[in-house]
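Each remark here refers to the structure printed beneath this line.
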Amino acid sequence: MSDPTTYTFYGTTVPVLRSINNSAISILTTAQTELANGLPISEQEILDAAIGDMLPFRMQPILLAKFQTAPIEHLKLHSATSAPIPALNPSFTSLADVIDFFKALNAVYDAIDSKAWNDAAEKAFDLRMESVGKTLKISGLADFWHGFVLPNSYFHLNAMYMLLRGKGFKLGKSVYVGAWMSETLRADFAPLRG
């Protein structure tokens, strides 16, 4: 089996973002199943859950997506007509809403042209930081993506996972990690699933 990663800017970023979103979908789908099986917590409690002064669960998908989508939109790197960027609005009322949000993000990534993405790797762009009322001049998309967007995305994915675990969900590692595994690797790990 050859390495499934293509070592281009596109190959090391866009498929990873899809995997992050697929992991979120897997985590949330498993949580829905646990709720349906009688876990005694409401979806509203989950969406409002927070650790300390951290923003609540409902904000984690928004914070994950905000920095992914800003340069895509600014540099016009996707087909907005076939896959509009979802509204970055935390008014989710259910886990199904959050799952749909991540599916919409995946549609945006599916609409990105790999050549245009690779060509934009060194392009600069402005990033508006509404929360502090400032605009950052980002010198290059690739540096921004690898140095900030990917770690930020993992952080907020992990926050969602840990908030759910903290509320009693029995989410195993395979629910989180499975989204990154190729079909071949899943087959290699099959003996561990019984």
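The values are calculated or read from the model by the stated rules, or taken from the named source; none is laboratory data. As the structure is a prediction and not an experimental result, all values here were calculated from the model. Backbone-built Cβ (ideal geometry, glycine too); neighbour counts: all protein chains shown. Note: areas computed on protein heavy atoms with side chains; ligands, DNA, RNA excluded. Shrake-Rupley method; radii C 1.70, N 1.55, O 1.52, S 1.80 Å.
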### Query
When the C-alpha atoms of segment 92-194 are aligned to their principal axes, what extent does each axis show, in angstrom, from largest down?
51, 33, 23
### Query
Taking only C-alpha pairs under 8 Å that are 6+ residues apart, what is the relative contact order of segment 1-144 in percent?
26 percent
### Correct option for mean projected area of the Cα convex hull in nm² [calculated from the coordinates] among [x] 12.4; [y] 14.7; [z] 14.1
[x]
### Summary
With the dipole of the chain defined by +1 on each Lys or Arg Cβ and -1 on each Asp or Glu Cβ, the option from ASN158, SER82, LEU47 whose Cα lies farthest towards the positive pole is ASN158
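Ignoring any ligand, DNA or RNA, what whole percent of the accessible area of segment 101-159 comes from carbon and sulfur when the probe is 1.4 angstrom? Don't skip to the end; give the middle numbers.
On the way: 1660 of 3040 Å².
Using a 1.4 Å probe with all protein chains present, segment 101-159 comes out at 55 percent carbon and sulfur.
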### Message
If I ignore ligands, DNA and RNA and count only protein heavy atoms, how much of ASP48 is accessible to a 1.4 Å probe, in Å² to the nearest 10?
### Response
80 Å²
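Return the calculated 222 nm mean residue ellipticity for the chain, to the nearest 500 deg cm²/dmol, obtained by summing -39500 (n - 2.57) across DSSP H runs with n ≥ 4 and dividing by the residue count.
Numbers: 9 runs with 99 residues, N = 194.
After summing the helix terms and dividing by the residues of the chain, the value is -15500 deg cm²/dmol.
For the full complex of protein chains and a 1.4 angstrom probe, list ASP97, ASP53, ASP110 by accessible area with the highest value first.
Numbers: ASP97 55, ASP53 155, ASP110 100 Å².
Final ranking, largest accessible area leading: ASP53, ASP110, ASP97.
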### Query
From the backbone phi of segment 41-55, what are the Karplus-calculated ³J(HN,Hα) couplings (6.51 cos²θ - 1.76 cosθ + 1.60, θ = phi - 60°) in whole Hz, Gly and Pro given as x?
8, 8, 5, 4, 4, 5, 4, 8, 5, 8, 10, x, 8, 5, 5
### Summary
Among LYS115/LYS173; LYS76/LYS103; LYS134/LYS167; LYS66/LYS173, the pairs whose Cα-Cα distance exceeds 24 Å are LYS115/LYS173; LYS134/LYS167; LYS66/LYS173
#### Entry: Accessible surface, 1.4 Å probe, highest first, among residues ARG193, ARG186
ARG193, ARG186
### Task
Using a 1.4 angstrom probe, figure out how much accessible area segment 52-110 has per residue, in square angstrom, rounded to the nearest whole.
43 Å²
#### Entry: Rounded accessible area of SER26 (nearest 10 Å², 1.4 Å probe)
40 Å²
